[in-house]
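The values are calculated or read from the model by the stated rules, or taken from the named source; none is laboratory data. The structure displayed is predicted, hence computed values, not measured ones. Here the Cβ positions follow ideal geometry from the backbone for every residue, glycine too, while neighbour counts run over all protein chains shown.
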Amino acid sequence: MESPIKKIDDGWYPRKRILVMAIARSGHHAVAHWICANMEGRVAYYNNCNHELHWRNKIVYVNSRVLNTTVMCSFENFDLRGFKELELNNKFTHIVFIHRDPYNLFASSLAKGMGKGLSLVDKTFRPSQKRVKYTQYHCGTMTRQDMFVQYTKQCLGEEDYVGEPIIDINYNRWFAEKAYRDEICDKLGMKHTDKGLDYVSKRGGGSSFDKVKFRGKGTKMDVLNRWKNFVDDEKFNRLLTDEIKEYSRKYFKFNPM
């Protein structure tokens with residue numbers, strides 16, 4: 001399996017190279033699809049890559065006859081402390097963080113992991129190595145609780161694990177606000193349309209709550225209120241530490257409990 005990004009002479013190709021960083025159950029598949037659907041030309045999306053940019057699955061979008069290609073790679077559940085060590089710097093033209101508030105993020109994670117206790121949130125785990133070989137920085141060094149704090153610090157500028165400018169996308173605002181989506185379009189050089197906004201990915205079984213029931217009607221899902229299903233859940237409340245609540249307030253301006 002070859003990397004979709006290559007260095008030729010002193011430059012990297014193709015010209016437009018996007019890296020998406022996200023925590024599982026953050027809604028990033030929907031955002032990534034929306035980005036790919038609104039880029040000019042041909043877009044190749046490589047999902048759930050490792051540090052060598054080997055991927056789990058690939059989707060190609062042909063949006064117009066413009067002769068340019070965009071490559072987008074996604075990292076899921078990646079400890080940002082590995083970014084520089086694994087020499088990921090300077091390979092991408094845009095580094096995009098897709099981030100979701102902890103109340104809905106943890107509710108979706110727990111719903112997905114029903115019957116598994118807190119294994120998907122408060123414990124480290126390694127993804128399957130059968131198809132793609134991942135380093136310890138993919139899930140092996142941090143819990144999703146700690147990753148939420150780490151990613152929020154990066155988005156707020158309190159820490160800089162990446163060493164390059166980033167574009168941070170607040171999933172809550174992306175879902176709810178057309179003007180905010182237009183701002184993202186400007187930053188990424190995309191068309192100002194909402195093509196693909198109703199997409200529901202089949203990856204990971206679809207939505208934690210609705211599966212693929214709302215395919216083609218994604219904006220009808222109640223994704224900003226998933227937390228209400230777990231208000232009285234002891235495990236859910238234990239995950240929401242004072243630190244996590246404070247970072248939710250700082251970045252998302254959202255503390256419903």
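For region 52-106, give me each residue that is of a type in the set (A, V, I, L, M, F, W, C), crowded, with 17+ Cβ neighbours inside 10 Å and in a loop (DSSP other than H, G, I, E, B). Across region 52-106, the qualifying residues are LEU53, TRP55, PHE83, LEU88, PHE92. When THR69 is tested against (1) within 27 Å of LEU188 (Cβ to Cβ); (2) within 18 Å of the chain's Cα centre (by Cα); (3) hydroxyl-bearing (Ser, Thr, Tyr), just one condition goes unmet, and that condition is (2). Checking region 125-137 against the condition returns a match, with at least one residue being at pLDDT below 85, in a loop (DSSP other than H, G, I, E, B), in contact with a Cys (Cβ under 6 Å, 6 or more places away or on another chain) and more than 18 Å from GLU52 (Cα to Cα).
Residues in region 141-160 that are more than 15 Å from ARG126 (Cα to Cα), out of contact with any strand residue (DSSP E or B) (no Cβ under 9 Å at 6 or more places or on another chain) and in a helix (DSSP H, G or I): GLN145, ASP146, VAL149, GLN150, LYS153.
Within region 117-125, can one find any residue that is in contact with a Lys or Arg (Cβ under 7 Å, 6 or more places away or on another chain) and buried (at least 20 other Cβ atoms within 10 Å of the Cβ)? Yes; the residues of region 117-125 include at least one that is in contact with a Lys or Arg (Cβ under 7 Å, 6 or more places away or on another chain) and buried (at least 20 other Cβ atoms within 10 Å of the Cβ). Within region 1-46, the set of residues being part of a loop (DSSP other than H, G, I, E, B), in contact (Cβ under 8 Å) with a residue 12 or more places away in the chain and within 15 Å of THR93 (Cα to Cα) comprises PRO4, ILE5, PRO14, ARG15, MET39.
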